[in-house]
Every structure is written in structure tokens, then in C-alpha cells.
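The values are calculated or read from the model by the stated rules, or taken from the named source; none is laboratory data. Computed from a predicted model, the values in this text were never measured in an experiment. Neighbour counts are summed over all protein chains in view; Cβ atoms, including those assigned to glycine, are modelled from backbone coordinates with ideal geometry.
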């Protein structure tokens, strides 16, 4: 099928970043093509834990995170569904006094960002959260954090973008992409030629290939979550839970299933695919029983994994390319992009229309890896 | 420590037992893992406690085969490592080594294998209709299991509905057991039965048996109807009857029949999740409208150390299962340099049965207009409580053309059964909505655990290697 498309912006990768960017750009009056090699939101955006969490993020992510915090309650109006978004609160446990001290230090560090953290320790913990076993010395609650259904959000953003006039090309792998001097030329799928003024690289775990294509190698590695889900059970866990150190996280969805994760899955021979790790799943299950004794006897119905991108400093890459005019990057969310992604979409639209972001993103510049790459090259 | 892995056989039905027997004959000591409490599988299922019934009364015309299979198993029992009540819920992919995750008496164990023969069998293929989740509605297979293993019936006045040879067999077994069989409602048109004439040339015994079941049912006054489509189960908290339409010479008739239990099914569907998790390549089988692990005539899959046999590798019945179990073992022995397979006779016998299945399938066809006849408010996926209307809405809203996408966006197939029960219907719904064939919408990817496992499954993982 031969087809020619000419748009203002082409977006490679229909995850939550790419699909929310497509919608934001359509709202700004730009013509947009959103291209995905599979289905929109079927990779990391669709298979992640579903935490809509600000607590625990490094301070440099919080302005972006706060911006996203304002977007989540508006999903119904923006994309037609609320995606099961709930401001349930996010409770982060400390197993030891040392861990609790870290939670206290974090609360102090982010005091000015308006997260409204509440520290709860000792006997007050079980009084306040009676469903929790006394396996923690304390916890930090972020009352307005929550969770949502990751399977639904990105497809709904992509659908809303399409209804708003974006061209959405699924099952359309990008085969070639090149800068032409006054824009870009993309060859995708089965003979589709796309010309655009600006290009967004939001290809998740596959973004490093496109960055390298424009002579901007990045130290992206892949991580694979290891998730466990139970059968539906009576509603009892009112918050999304995490632990200092990150070895266990869990929430109960509206239907009653406990969705829990921790540890890492394992890549298959083809590293585009992965499997949950039985070892990781076992330890998640053990921890779940310890924390929630009422889960003894519950049945686990499914494990799952997925493919996510991680950067060495725990922060994503967001912003303009340093080699190629008109190219924007947004990837490498390190297993924590679900909450911030809708704000990243708006930031990308601002970068395209205004050339600048109203939310600080300097910490996420791709240039921070240039020196590292150069040093590595020199040492070889 | 030197570790010497043994071949592992999953399933102790006709295929698994014959595979084990063949390996034992070659001097191997296979590990045989079976979910059941006693070996025998489904069709030759044995009761937990001897209830005094003879083989003849329990297995009818198949008594001789059942006895021979059970005796074969007892004979090899000292020479195999047999683990009943063992759920195999995960298989590692080749790059992660040869390992099974199993649940044995509530404890999680990991068992290594040198080769794997999957004899995982089949379950009833079901399709939704109004009231199919009402208490008192069973599958044909479950109603037969109740009779064989527990010595009880699913009700006092039972209606049997569906398509497939099991329909008449189970109805006849219930009649023999003293239950009142109110009706046999065949969803296939009476004209489809003409194919039995062709079948009689190839398999006269099967046709003679089938005709005798039908005749005895009729002589006992059991109502037999063809071209049936159910309209509704009567009763809400318990089955009180069934209203159905049927094709007649002049058009259509709507009839009701009172009963306190309904057994139904549309032939069988293979249990293929372990082959999927093992990384075997799959191919769509148009006749059975299902994806099957690719296999050669002996049961070799695309993965060199994994073999498939029995109905789990494609529905062919118990006789073919015994043959294919032996064939898979012969292939394993040949591939490991122990003995030439020398299997031409068995391969030919299995092929002859497969040809008969083709004809049988025409005599008991799948109702491919089913989803069009079922009202929108009917439950499609009972684990997740998704109606056909919700499925259709999800397909339209998401422009869905692929079944894993349907699962992600609608939760169909995401629940306890992981699509084992609803994927036949979901496939029909999606391919119907897309105007494509069932094979074009893809297949649900298997995820471990293939069946639910307890959250606190014993804590420690016990790695186990037999030398």
C-alpha cells in the first residue's frame, strides 16, 4: 500500500507520551501523524503497574509530576474515559528505622512542592491502616496520589487524538527516518511515506535506535517489570502501596483484583519480549501475605511482564535534540513514566509551538549523556 | 554434584500413559506429572474410591480399552516417577533452561527435564447463550465426570444439548445410569448426519455404536431434536427448563422443555498453554477453529526437546491419543539416539483416525452462526462478567482486530480461566465483527500460571533434580 502523508509533526511511538502529545498538538492546531509498530499503549504504557504517584520522585521531576497531577482528574473530559483513575493515596512503608529516616528526609526535601506528605509511625500506623499487618515501623502517605488502569489510558489518548484529526498509524514500523534539511522524511509500514516539519522520538525502549540514527547515542537499558495479579477479592486495600527500597508495590483495582509487583522479569531470546520471573513473583507473593494476612488463601490468576526503558541516572530524556533541528526526544522513563506522561505530551506540544516548555525540563536534556558518551569513547 | 535430568511427561491420560510405557520399555525412568488424583485421564477416569461398579458399567463399550490402559499404568508404576495431584503451571523458555514450575500438595517445586512430552488433553468447548451461567448448567464433559468419578448425576431430569459425539454418548450413559433423559437437542441439522454413512465405510464400529446409542435413547422415549438454537434457560437460581428454537421442514418452531439440569458442549478444545509457554510455534487449524502447536507426524514440535501428544496437540479422541503418546515417546528415543522410531504402522493408524475425525466433524458441525443468534446482553466472559454487547462495544470503540488487544481493552479472557473457556466465543465474536476468519484474529498469549495458584504457595521454592 503506497501512501504519502505530509504533516507538521510526526510522532514515533504511540505510548502514553506519544499519544498524549498527539492530542495536545492537535489541540494546538498542528497536523499530526502518530506512528506505532504495534498497537498504541501496548508496551510499557499498557503493562505497567498503574501507579499515579508523585511521592518518591526526585525533586527535579516534581514540577512535571505536579502538572500531570492536574491533568489526571480531567481524563473523562479529555479522552472520554476516567481510566479507573482514583486518588486513593499512596502509602510508602518503611520496614526499618533507617528506612523511615529516609522517608522523613524525603518529606523534608520535597516540602516546598505541595505533595502534602503525612508521616505515620509506630502504633499510629496500624490504628490508621488496620488492614495492614504490623510489619512496618512507619510510612509516608501522599493522600492525593493514586492509581489508574494502564491498559486503557494510552489507547484512549490515541483514540481522542484520532477523533481530533490526528492520523494514527498502528502496526506500522518505522523503517527509515532521515532529516532533509527542512524537516524529516519517514518510510514506514508497507510503503507509507511521511514528511514532517518536526519529529518526536517517543519510542520507549526502542528510542535509543532513533536517537543513534541522529548521532545521539544514549545509555538506554531495558528493564522488565514482574507483575502478579490475584482473582477479584472484597475491596479492602484503600491505597496504592509501595515500600522504601521499592521491593514491593501493590494496589487493589475497582474490580477487586490485587495488582502487585516487585523485582524484575527476564528478557527472552528476542529482547523485545520478556517473561515474569518466577523468583521475583514468589517474593512479591510472600511479601503480600506478610503485609496483608487477609490474602492468605487468595488465588493468583496471572503474571505478566513488559519492556521498559531505563536511563542510568533514573531520569527520562525530554527535550530537543542537540544534533538535529526539529527533533524532540521523550523516552527513558525508568519504570515511572505513567503518571508524568500526560504532562510530557503537553510539554512536547509547547516545545513544538513555542520552542520552550513552561515546566522546567533542563534536568532531562539528552546532552547530559554527551559527555559520558565522549568519555567512554575516549577510554576505549 | 552430577545432575542427570529425566524426560518429563505432563498428563497421565491415554497419551501420557502410553508415552511413559514406551520410555520405560527403552529403559528410561520418566517423571509423570498429573493433575488428577488417579491416572487415567478424562475418558478413562477412575473413581477415587472403588464404588463396586464394573468396568462394563462404568466405561460401557470402551471397558476393554479402559482396563488395558489402567493395567498398563499399574504395570509401569514401579518403573516411573509418578506424581499425582501435581499442577504444572509454568514452563521455562529455552534460554532459561529446561524447567517446570509445579504445585504439589500446596508446595511450589521446580522440576528440570531432559525432554518434555506434553499430554495435556482437552476441555469442553463452550459457547455462551442466555442463561448458560445458571446453576444446573454443566458441560457435557463435567456431566460425564460426575457419573464416572463420583457415581452421581447432575440432575434427575436432564437435557443434553450441543454438537459432537459426546452428546449422544453421555445422554446414553445417563439413561443407563437410571437418570431421566428429557431430551437430546442437537444443534446440527439432521442433514449433517448423512456424513455418518461415509464414516461407516471407514469406521463401522464407531457408527454402529453411535446409532445404537441413538436408537436406545429413542426406544426409551427420549425426545431428539435437530437444528436447535437455545433461546433461554428457564429459572434464575436453578435450571427449571430450556426454551429453544429448531428448524423444521416448514420453518421454525419454538418449544420449551422442563428439566433440572442441562449438559451442553460443542466438541472439545485442546489445552495448549504449556506448549505456548515452552515457546513452541503454533499454527491455526481451520477445521477445529483453534491454534495448535506445530507438530510432525510423531509429535515433535518446533522446540527440539518438547513433544506433544493426545488431544492437547489436536482433538482426535482417546484411541488416537494412545497412539500419539507412543509416537511421541518413539520420537524422543530416536532423537536421543536410543532407538529408531520405526513408527510407520502407528503413524498410518493415527492418520486413519484423523481422516475419520474429518468426517465426524461434518456430522457434528460447529455452529458457526452461533454468536449471531445470541442476544447482546448474554455473558461472554463469565470470569470477568463481560457481556457480548460490551465485547462488541470494545471492538468498535478500539477498532480492534486482534484478540490480545480485545483482552487488554475489554478484560475478556483476563480472569480466572485465562480465556480457556471464553476464547472460542471471543474469537467468533471478533472475527464476526471484523468480517475475517477465526484464524486472522490471532490467539490469546498464554501467561503463567496456566491455572490459578494460591498466593502463599508454601513459601520456599524447592528445586528438584532427580538423578
- Determine if the range A:197-209 includes at least one residue that is outside the structural domain of residue A:140 (by TED's automatic domain parsing), in a strand (DSSP E or B) and out of contact with any helix residue (DSSP H, G or I) (no Cβ under 7 Å at 6 or more places or on another chain). yes
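With the condition being in contact with a helix residue (DSSP H, G or I) (Cβ under 8 Å, 6 or more places away or on another chain), I'd like the strands (runs of 3 or more DSSP E) fully within the range B:245-353 carrying at least 3 qualifying residues. Give the steps one after another, and end with the answer.
Numbers: elements: B:252-258, B:261-266, B:268-270, B:282-285, B:290-293, B:306-308.
By residue number, B:261-266, B:268-270, B:290-293, B:306-308.
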- Query: Which one is nearest to residue B:129 (Cα to Cα), of the residues in the range B:388-416 that are within 11 Å of another protein chain (Cβ to nearest Cβ), in contact with a helix residue (DSSP H, G or I) (Cβ under 9 Å, 6 or more places away or on another chain) and in a loop (DSSP other than H, G, I, E, B)?
  - Reply: B:413
- Message: So, residue A:120, is that one modelled with pLDDT of 95 or more, surrounded by fewer than 24 Cβ atoms within 10 Å (Cβ to Cβ) and in a strand (DSSP E or B) or not?
- Response: yes
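Taking residue B:343 as the residue in question, decide whether it is within 14 Å of chain A (Cβ to nearest Cβ) and crowded, with 18+ Cβ neighbours inside 10 Å.
Values: within 14 Å of chain A (Cβ to nearest Cβ): no; crowded, with 18+ Cβ neighbours inside 10 Å: yes.
For residue B:343, the condition - within 14 Å of chain A (Cβ to nearest Cβ) and crowded, with 18+ Cβ neighbours inside 10 Å - is not met.
Does residue A:58 satisfy being surrounded by fewer than 18 Cβ atoms within 10 Å (Cβ to Cβ), farther than 30 Å from residue A:175 by Cα, under 16 Å from the mean Cα position of the chain (by Cα) and not assigned by TED's automatic domain parsing to the domain that holds residue A:192?
It is true that residue A:58 is surrounded by fewer than 18 Cβ atoms within 10 Å (Cβ to Cβ), farther than 30 Å from residue A:175 by Cα, under 16 Å from the mean Cα position of the chain (by Cα) and not assigned by TED's automatic domain parsing to the domain that holds residue A:192.
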- Among the candidates B:105, B:66, B:72, which residue alone is modelled with pLDDT under 95, under 25 Å from the mean Cα position of the chain (by Cα) and not assigned by TED's automatic domain parsing to the domain that holds residue B:149? B:105
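Using the structure shown, decide if residue A:126 is surrounded by fewer than 20 Cβ atoms within 10 Å (Cβ to Cβ), farther than 30 Å from residue B:401 by Cα and touching a helix residue (DSSP H, G or I) at 6+ places or on another chain (Cβ under 6 Å). Break it down into steps so the answer makes sense when it comes.
Working: surrounded by fewer than 20 Cβ atoms within 10 Å (Cβ to Cβ): yes; farther than 30 Å from residue B:401 by Cα: yes; touching a helix residue (DSSP H, G or I) at 6+ places or on another chain (Cβ under 6 Å): no.
So residue A:126 fails the test.
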- Using the structure shown, decide if residue B:36 is surrounded by 15 or more Cβ atoms within 10 Å (Cβ to Cβ), at negative phi and not in a loop (DSSP other than H, G, I, E, B). no
- Query: Among the residues of the range A:216-272 satisfying the criterion of being crowded, with 17+ Cβ neighbours inside 10 Å and on the phi > 0 side of the Ramachandran plot, which is modelled with the lowest pLDDT?
  - Reply: A:263
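On the given criteria, is residue A:376 more than 14 Å from chain B (Cβ to nearest Cβ), modelled with pLDDT of 95 or more and out of contact with any strand residue (DSSP E or B) (no Cβ under 6 Å at 6 or more places or on another chain)?
Numbers: more than 14 Å from chain B (Cβ to nearest Cβ): yes; modelled with pLDDT of 95 or more: no; out of contact with any strand residue (DSSP E or B) (no Cβ under 6 Å at 6 or more places or on another chain): yes.
No; evaluated as a whole, the condition is false for this residue.
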- Which members of the range B:286-328 meet the condition of being buried (at least 20 other Cβ atoms within 10 Å of the Cβ), farther than 25 Å from residue B:424 by Cα and touching a strand residue (DSSP E or B) at 6+ places or on another chain (Cβ under 7 Å)? B:300, B:306, B:328
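The rows are residues; the columns are (1) closer than 27 Å to residue B:401 by Cβ; (2) outside any loop (DSSP other than H, G, I, E, B); (3) touching a strand residue (DSSP E or B) at 6+ places or on another chain (Cβ under 9 Å); (4) away from chain B (no Cβ under 12 Å).
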{"residue": "A:39", "(1), (2), (3), (4)": "yes, no, no, no"}
{"residue": "A:54", "(1), (2), (3), (4)": "no, no, yes, yes"}
{"residue": "A:57", "(1), (2), (3), (4)": "no, no, no, yes"}
{"residue": "A:62", "(1), (2), (3), (4)": "no, yes, no, yes"}
{"residue": "A:65", "(1), (2), (3), (4)": "no, yes, no, yes"}
{"residue": "A:71", "(1), (2), (3), (4)": "no, yes, no, yes"}
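Being modelled with pLDDT of 95 or more and outside any helix (DSSP H, G or I) is the requirement here; does residue A:345 meet it? Walk me through how you get there before you give the answer.
Working: modelled with pLDDT of 95 or more: yes; outside any helix (DSSP H, G or I): no.
So residue A:345 fails the test.
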- Task: Collect the residues in the range B:417-441 that are more than 20 Å from the chain's Cα centre (by Cα) and either without any contact (Cβ under 8 Å) to a residue 60 or more places away in the chain or not in a loop (DSSP other than H, G, I, E, B) (or both), keeping them in residue-number order.
- Result: B:429, B:430, B:431, B:432, B:433, B:434, B:435, B:436, B:440, B:441
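Which residues, counting only those in the range A:255-272, are under 21 Å from the mean Cα position of the chain (by Cα) and either within 11 Å of another protein chain (Cβ to nearest Cβ) or farther than 22 Å from residue A:92 by Cβ (or both)? Lay out the reasoning, then the answer.
Step one: of the range A:255-272, the residues under 21 Å from the mean Cα position of the chain (by Cα) are A:258-267, A:271-272.
A:258, A:260, A:265, A:266, A:267, A:271, A:272 - these are the residues of the range A:255-272 that are under 21 Å from the mean Cα position of the chain (by Cα) and either within 11 Å of another protein chain (Cβ to nearest Cβ) or farther than 22 Å from residue A:92 by Cβ (or both).
Rundown of residues vs (1) within 15 Å of residue B:20 (Cβ to Cβ); (2) within 14 Å of another protein chain (Cβ to nearest Cβ); (3) free of Cβ contacts under 8 Å to residues at least 40 places away in the same chain; (4) assigned to a strand (DSSP E or B), yes/no style:
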position: B:70; (1), (2), (3), (4): yes, no, yes, no
position: B:73; (1), (2), (3), (4): yes, no, no, no
position: B:76; (1), (2), (3), (4): yes, no, no, no
position: B:82; (1), (2), (3), (4): yes, no, no, yes
position: B:89; (1), (2), (3), (4): no, yes, no, yes
position: B:95; (1), (2), (3), (4): no, yes, yes, no
position: B:102; (1), (2), (3), (4): no, yes, no, yes
position: B:109; (1), (2), (3), (4): no, yes, no, yes
- Message: I'd like to know if the range B:369-379 contains one or more residues that are within 13 Å of another protein chain (Cβ to nearest Cβ), surrounded by 19 or more Cβ atoms within 10 Å (Cβ to Cβ) and at pLDDT 95 or above.
- Response: no
- Task: Could you tell me which numbered condition residue A:83 fails, if it satisfies all but one of (1) part of a loop (DSSP other than H, G, I, E, B); (2) in contact with a strand residue (DSSP E or B) (Cβ under 6 Å, 6 or more places away or on another chain)?
- Result: (2)
- Task: Answer yes if at least one residue in the range B:43-52 is at pLDDT 95 or above and either farther than 14 Å from residue B:325 by Cβ or not assigned by TED's automatic domain parsing to the domain that holds residue B:335 (or both), and no otherwise.
- Result: no
- Note on the structure: Here the residues within the range B:321-338 that are without any contact (Cβ under 8 Å) to a residue 60 or more places away in the chain and closer than 16 Å to residue B:351 by Cβ are B:327, B:331
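For the range A:273-307: of the residues being assigned to a strand (DSSP E or B) and either at the interface with chain B (Cβ under 7 Å from one of its Cβ atoms) or touching a residue at least 60 places away in the same chain (Cβ under 8 Å) (or both), which is nearest to the chain's Cα centre (by Cα)?
Kept after step one, since they are assigned to a strand (DSSP E or B), are these residues of the range A:273-307: A:274-275, A:299-304.
Next, only the ones that are either at the interface with chain B (Cβ under 7 Å from one of its Cβ atoms) or touching a residue at least 60 places away in the same chain (Cβ under 8 Å) (or both) stay: A:275, A:299-304.
Numbers: A:275: 19, A:299: 28, A:300: 25, A:301: 25, A:302: 22, A:303: 19, A:304: 17 Å.
Applying the filter and picking the extreme gives A:304.
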- Message: Being out of contact with any helix residue (DSSP H, G or I) (no Cβ under 8 Å at 6 or more places or on another chain), surrounded by 20 or more Cβ atoms within 10 Å (Cβ to Cβ) and outside any helix (DSSP H, G or I) is the requirement here; does residue A:318 meet it?
- Response: no
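Would you check if residue A:199 is under 28 Å from the mean Cα position of the chain (by Cα), away from chain B (no Cβ under 14 Å), at pLDDT 95 or above and crowded, with 16+ Cβ neighbours inside 10 Å?
Values: under 28 Å from the mean Cα position of the chain (by Cα): yes; away from chain B (no Cβ under 14 Å): yes; at pLDDT 95 or above: yes; crowded, with 16+ Cβ neighbours inside 10 Å: yes.
In short, yes.
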- Item | Checklist (1) at pLDDT 95 or above; (2) surrounded by fewer than 24 Cβ atoms within 10 Å (Cβ to Cβ); (3) in a helix (DSSP H, G or I) applied to residue A:338, failing item | (2)
